[in-house]
Amino acid sequence: MMLLERQNLLLDYLKKNRKATTNELSEMLNVSATTIRTDLNRMEKEGLLTKTHGGAIYREAAEDKQELTVRPYHFQERELENIHEKEQIAAKALPMIKDHMCIILDASSTAYTLARQLTGFHQLTVITNGIYTALALKDIPGITVILVGGIVTQQSASIEGLLGRDLLARINADIAFVSARGFSVDEGLTDFSIYEADLKREFLRRSAKCIALIDHTKFDSASISSYASIDDINMVITDDGISPTTVALYEDSGIEIL
């Protein structure tokens with residue numbers, strides 16, 4: 001059962017019964033209590049419920065909210081989430097970028113964190129659909145920034161759609177660094193916006209290598225639109241919050257994880 005499906009069932013159950021214990025939910029969905037606790041932690045952060053000792057209660061405001069993987073949310077909101085993890089990921093990605101490369105950075109807050117560490121280059125070309133990423137790089141010596149054209153989103157401050165396809169058709173990038181709202185073996189990399197997913201597919205087509213920047217909270221979850229299968233990904237860089245069991249599962253599926 002996918003994460004999103006499981007969480008919707010949890011929310012439906014709590015809405016009907018107003019409260020439930022961890023063991024009760026574990027038996028209902030036939031998953032471990034640890035999995036239920038992880039789900040409840042994520043859902044509480046989203047304001048979908050309130051955790052209690054040994055369970056959870058339904059939060060009335062949850063009717064006005066959606067789980068993180070199925071709603072748009074502002075860049076500033078994303079930027080403040082899992083800051084330590086993003087710094088870890090960016091530090092691992094940075095040595096892979098060399099002078100005279102052409103790289104692609106998507107509009108994710110993780111790619112933005114990497115962009116802020118790009119200094120000391122003599123000649124580096126960065127293509128991005130992230131407005132904040134472009135602004136962070138525009139005055140850095142040695143870096144040429146190309147902002148892909150398209151539709152500006154209000155929530156994520158990114159460029160979406162395929163209006164920039166003609167520009168990308170002229171590009172041969174060395175590496176595309178991309179993130180996602182969710183990542184799983186079955187669905188690959190997924191995002192909320194189908195238009196941003198369309199653009200990311202073009203990014204991957206124009207790049208010799210795809211490196212996914214995925215913090216541990218994104219594993220085993222999926223959003224609306226898939227834009228890359230596991231076969232499209234050369235490497236996943238994550239943080240030290242990921243469990244050895246999860247690493248083994250994905251490596252067994254042929255994914256290199258750093």
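The values are calculated or read from the model by the stated rules, or taken from the named source; none is laboratory data. This one's a predicted model, so the numbers in the text were calculated from it and none came from an experiment. Don't worry about glycine lacking a Cβ; one is built from the backbone with ideal geometry, like all the others, and counts go over all protein chains shown.
Just checking, does the range 15-26 include any residue being touching a Lys or Arg at 6+ places or on another chain (Cβ under 7 Å), outside any helix (DSSP H, G or I) and among the aliphatic types (A, V, I, L, M)? Checking the range 15-26: not a single residue is touching a Lys or Arg at 6+ places or on another chain (Cβ under 7 Å), outside any helix (DSSP H, G or I) and among the aliphatic types (A, V, I, L, M).
Could you list all residues from the range 131-180 that are of a type in the set (A, V, I, L, M, F, W, C) and on the phi > 0 side of the Ramachandran plot? Spell out how you get there, then give the answer.
Going through the range 131-180, the residues of a type in the set (A, V, I, L, M, F, W, C) turn out to be 131, 134-137, 140, 143, 145-148, 151-152, 157, 159, 162-163, 167-169, 171, 173, 175-178, 180.
Listed by number, the list holds a single entry, ALA157.
Cβ separations smaller than 9 Å between residues 6+ apart or across chains give no pair from the range 130-153 residues that are not assigned by TED's automatic domain parsing to the domain that holds TYR195 and modelled with pLDDT under 95 to residues that are in a loop (DSSP other than H, G, I, E, B) and of a type outside the set (Phe, Trp, Tyr). Looking at the range 180-206, which of the residues that are hydroxyl-bearing (Ser, Thr, Tyr) and over 16 Å from ILE230 (Cβ atoms) is surrounded by the most Cβ atoms within 10 Å (Cβ to Cβ)? Checking each candidate, the answer is SER193. Screening the candidates ILE257, ILE237 for the property of being at pLDDT 95 or above, under 12 Å from the mean Cα position of the chain (by Cα) and closer than 19 Å to LEU94 by Cβ yields one hit, ILE237.
Residues are listed down the side, and each one gets a yes or a no for (1) assigned by TED's automatic domain parsing to the domain that holds ASP106; (2) polar (S, T, N, Q); (3) without any contact (Cβ under 8 Å) to a residue 12 or more places away in the chain:
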| site | (1), (2), (3) |
| --- | --- |
| HIS216 | yes, no, no |
| SER223 | yes, yes, no |
| ILE237 | yes, no, no |
| LEU258 | no, no, no |
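Annotation: ALA115 fulfils all but one of (1) free of Cβ contacts under 8 Å to residues at least 24 places away in the same chain; (2) farther than 22 Å from ALA197 by Cβ; (3) of a type in the set (Gly, Ala, Ser); the unmet one is (2). Helices (runs of 4 or more DSSP H) fully within the range 50-119 that include at least 3 residues being modelled with pLDDT of 85 or more, among the aromatic types (Phe, Trp, Tyr) and surrounded by fewer than 19 Cβ atoms within 10 Å (Cβ to Cβ): none found.
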